[in-house]
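The values are calculated or read from the model by the stated rules, or taken from the named source; none is laboratory data. Computed from a predicted structure; not experimentally measured. Every residue, glycine as well, gets a Cβ built from its backbone with ideal geometry; the counts of neighbours run over all protein chains shown. Surface accessibility is based on the protein's heavy atoms, side chains included, excluding ligands, DNA and RNA. Shrake-Rupley method; radii C 1.70, N 1.55, O 1.52, S 1.80 Å.
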Amino acid sequence: MNKPKTHRPLLEDVAGNGLLHRRLFLTSSVAMAGAAGLQLMTARPAAAAIPPEIPEWMRVPGAGMSGYGERSAHEDYVQRSFASRPGTIGSGSSRTPHELLEGIITPSALHFERHHNGIPDIDPSRHRLMIHGLVARPLMFDLESLSRYPLVSQIQFLECSGNSGANNAPEPPQLSAGGIHGLLSCSDWTGVPLSVLLDEAGVQPEARWIVAEGADAAAMSRSVPMAKALDDALIAIYQNGERLRPGNGYPMRLFLPGYEGNMSVKWLRRIEVTAGPMMTKDETSKYTDLLPDGRAMQFTFSMGVKSVITSPSGGLEMQRPGLYQISGIAWSGAGRIRRVEVSADGGQSWAEAALTDPVLPKSQTRFRMPWRWNGGPAVLQSRAIDETGAAQPTRSALLGERGAAYGYHHNAIQSWLVSAEGTVSNVYA
């Protein structure tokens with residue numbers, strides 16, 4: 001005799017301090033929740049039987065069309081934060097406001113930028129990319145010739161190696177999610193696989209590295225292993241469907257999925273094929289990792305597995321107690337995110353979050369977790385595990401291994417304190 005099916009409740013507690021089962025965000029559970037009469041997050045019931053009034057924008061014709069679209073003026077508050085080094089105009093960085101975005105694609109205008117000597121104004125008709133060195137046939141490309149090759153597209157993140165480094169400070173910086181973790185963005189990159197161009201040039205057997213150089217005033221340059229160049233490296237000429245923006249490398253850039261961002265050289269003008277790394281100024285004067293014993297590690301290319309809760313997060317405010325969505329992003333330079341776990345009690349208990357499709361390799365992955373906030377203090381955390389089994393470490397474990405002077409590649413668990421008043425702040429837990 002078949003036993004009748006039992007249905008587990010949508011709002012089942014799975015961890016301490018109000019975390020609920022992720023099934024609420026799987027398949028059609030959100031629609032089911034609506035049918036069951038559950039008020040999710042901050043939804044408010046409409047006044048019964050009162051039709052909405054006709055607003056003024058329904059009484060006059062709207063604005064005309066334009067050649068290039070603009071966002072609503074009501075969204076002007078969604079801005080990057082940015083700062084230049086003292087005494088300079090264009091040496092510094094701008095940060096993506098993750099707490100104000102959704103999904104996994106970063107709008108091109110909000111993509112983070114890191115510049116070493118400003119943004120060059122490059123005439124694409126005069127710009128060239130040269131491939132030379134240990135090759136049988138040195139080659140030269142302009143933008144038009146590159147555009148004739150078969151193009152590929154890949155949705156992947158780009159992260160500065162200094163991202164999240166603010167959390168190395170002795171006291172937690174009171175910044176937003178973007179202010180701490182905003183040197184990270186994710187785009188749909190389109191271009192020519194570098195392996196195609198290297199194959200055409202005829203790489204010689206002794207070649208083991210390439211050196212990429214940019215056309216900015218800093219002549220930014222980095223050494224890249226040949227294995228990476230022949231794997232998934234891309235000469236990107238489009239970002240999110242349109243030509244690269246000047247701040248992101250127009251007219252062409254190197255893109256190395258999963259590697260620290262400074263290696264994805266912008267305004268790419270030269271690739272030299274070499275037998276070994278060139279020890280350029282940009283990989284010796286910086287982008288090395290200082291160890292507690294005084295030694296420095298070099299060529300730590302891949303960005304570690306990482307996640308951050310973007311809502312609720314620093315600087316935001318909770319309203320009344322009730323049912324909320326915890327949402328954030330996870331990523332790994334080693335491949336796909338396999339799992340994200342969330343805690344609402346400072347790491348004492350954990351529950352698995354729902355991952356929103358698509359879950360792509362070396363891409364941002366959106367995760368969601370239902371949470372019943374009771375109005376009391378809570379410490380929210382997330383930890384990601386990638387397909388290699390690597391797990392995001394705690395801050396104390398990371399600094400205990402590396403020391404605070406290490407600086408780059410900070411991928412520790414982020415903790416947000418929700419106070420009884422509903423304010424959200426950065427804490428070390």
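Of the candidates Pro246, Pro225, the single residue that is under 20 Å from Pro107 (Cβ atoms) and not basic (Lys, Arg) is Pro246.
Within segment 9-44, restricting attention to residues that are part of a loop (DSSP other than H, G, I, E, B) and modelled with pLDDT of 55 or more, the residue that is farthest from Pro321 (Cα to Cα) is Thr27. Looking only at segment 86-113, which residues are open to solvent by 40 Å² or more (accessible area, probe 1.4 Å) and at pLDDT below 95? Answer for segment 86-113, where residues must be open to solvent by 40 Å² or more (accessible area, probe 1.4 Å) and at pLDDT below 95: Pro86, Gly87, Thr88, Ile89. Total residues in segment 78-119 satisfying the condition of being in contact with a Pro (Cβ under 9 Å, 6 or more places away or on another chain) and without any contact (Cβ under 8 Å) to a residue 60 or more places away in the chain: the figure is 2.
Remark: Tyr324 falls outside the filter, which requires a residue to be more than 18 Å from the chain's Cα centre (by Cα), farther than 24 Å from Gly103 by Cα, surrounded by fewer than 24 Cβ atoms within 10 Å (Cβ to Cβ) and hydroxyl-bearing (Ser, Thr, Tyr).
Assess whether Thr288 counts as being surrounded by fewer than 22 Cβ atoms within 10 Å (Cβ to Cβ), at pLDDT below 95 and under 18 Å from His132 (Cα atoms). It is false that Thr288 is surrounded by fewer than 22 Cβ atoms within 10 Å (Cβ to Cβ), at pLDDT below 95 and under 18 Å from His132 (Cα atoms).
Pairs meeting the criteria (first residue in segment 390-416 and over 16 Å from Ile329 (Cα atoms) and charged (D, E, K, R), second residue open to solvent by 40 Å² or more (accessible area, probe 1.4 Å) and not in a loop (DSSP other than H, G, I, E, B), beta carbons under 6 Å, at least 6 apart or on different chains) are lacking.
Of everything listed in (1) in a helix (DSSP H, G or I); (2) on the phi > 0 side of the Ramachandran plot, the single unmet condition for Gly87 is (1). The selection criterion, being β-branched (Val, Ile, Thr) and out of contact with any strand residue (DSSP E or B) (no Cβ under 8 Å at 6 or more places or on another chain), holds for Val196. In summary, strands (runs of 3 or more DSSP E) completely within segment 240-336 and bearing 2 or more residues that are touching a Lys or Arg at 6+ places or on another chain (Cβ under 8 Å) and within 26 Å of Asn426 (Cα to Cα) occur at 322-331. Quick one: in segment 144-202, which of the residues that are of a type in the set (Asp, Glu) and more than 22 Å from the chain's Cα centre (by Cα) is surrounded by the fewest Cβ atoms within 10 Å (Cβ to Cβ)? Among those that are of a type in the set (Asp, Glu) and more than 22 Å from the chain's Cα centre (by Cα), it is Glu171. Out of Thr394, Thr356, Thr365, Thr388, one residue alone is open to solvent by less than 30 Å² (accessible area, probe 1.4 Å), of a type outside the set (D, E, K, R) and touching a strand residue (DSSP E or B) at 6+ places or on another chain (Cβ under 9 Å). It is Thr365.
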